Amino acid sequence: MLFEVILELNAKPDQSQVLKNWLETNLPETQAFDGCAAVHALEHEENSGHIVLIGFWRSRKQWEQYFKWRQDRGDFETLAPMLQNEPKVQCYTQFGEWNGGSNTIVMNENIST
């Protein structure tokens, strides 16, 4: 079972590519962080400055450790001049999964905290 975090970023018009470059350089560190199962980076088709990151974590505690690590490094201060507004963070606990081509739901146990 996974803990999922959705992070929405809105780049300033002249900072979209700078933001994407920063993410391409720094997201491998996210993937390597203990507890990270995967990270997906998405860009809106009609608004190139709107970036959504979806992180899949093995537990909320591991994500919180990662988030604190990013804070302590000053990464949010680095990102701030690139963004139009504060990042939006949403946290979700996975409760099921539907696999392509299958009508069967895979229900998950409660996630560890």
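If you go through region 48-80 and keep only what is open to solvent by 80 Å² or more (accessible area, probe 1.4 Å) and closer than 23 Å to ASN21 by Cα, you end up with LYS68, GLN71, ASP72, ARG73, GLU77. Among the residues of region 10-22, the one identified as open to solvent by less than 70 Å² (accessible area, probe 1.4 Å), touching a helix residue (DSSP H, G or I) at 6+ places or on another chain (Cβ under 7 Å) and either over 17 Å from ALA80 (Cα atoms) or of a type outside the set (A, V, I, L, M, F, W, C) (or both) is GLN15.
Residue count for region 18-56, restricted to those that are under 22 Å from GLY74 (Cβ atoms) and not basic (Lys, Arg): 23. Give me the pairs: first residue in region 16-37 and modelled with pLDDT of 95 or more and aliphatic (A, V, I, L, M), second residue surrounded by 18 or more Cβ atoms within 10 Å (Cβ to Cβ) and part of a helix (DSSP H, G or I), beta-carbon distance under 7 Å, and six or more apart or on different chains, which are they? Here the result reads VAL18/MET82; LEU19/MET82, each pair linking region 16-37 to a residue that is surrounded by 18 or more Cβ atoms within 10 Å (Cβ to Cβ) and part of a helix (DSSP H, G or I). Tell me, yes or no, whether region 33-43 has at least one residue that is open to solvent by less than 40 Å² (accessible area, probe 1.4 Å), within 13 Å of the chain's Cα centre (by Cα) and closer than 18 Å to PRO81 by Cβ. No - not one qualifying residue is present in region 33-43. When every residue of region 84-94 is checked against the conditions, none turns out to be modelled with pLDDT of 95 or more, touching a strand residue (DSSP E or B) at 6+ places or on another chain (Cβ under 8 Å) and surrounded by 16 or more Cβ atoms within 10 Å (Cβ to Cβ). Exactly one residue among THR93, THR25 is in contact with a helix residue (DSSP H, G or I) (Cβ under 9 Å, 6 or more places away or on another chain) and of a type outside the set (A, V, I, L, M, F, W, C), and that residue is THR93. You will find that of GLU64, GLU8, the residue that is out of contact with any Gly (no Cβ under 7 Å at 6 or more places or on another chain), touching a residue at least 12 places away in the same chain (Cβ under 8 Å) and of a type in the set (D, E, K, R) is GLU8 and no other.
The values are calculated or read from the model by the stated rules, or taken from the named source; none is laboratory data. Here the structure is a predicted model, which means the values were calculated and not measured. Cβ atoms come from the backbone with ideal geometry, glycine included; neighbour counts cover every protein chain shown. Accessible surface areas use protein heavy atoms only, side chains included; no ligands, DNA or RNA. Shrake-Rupley method; radii C 1.70, N 1.55, O 1.52, S 1.80 Å.
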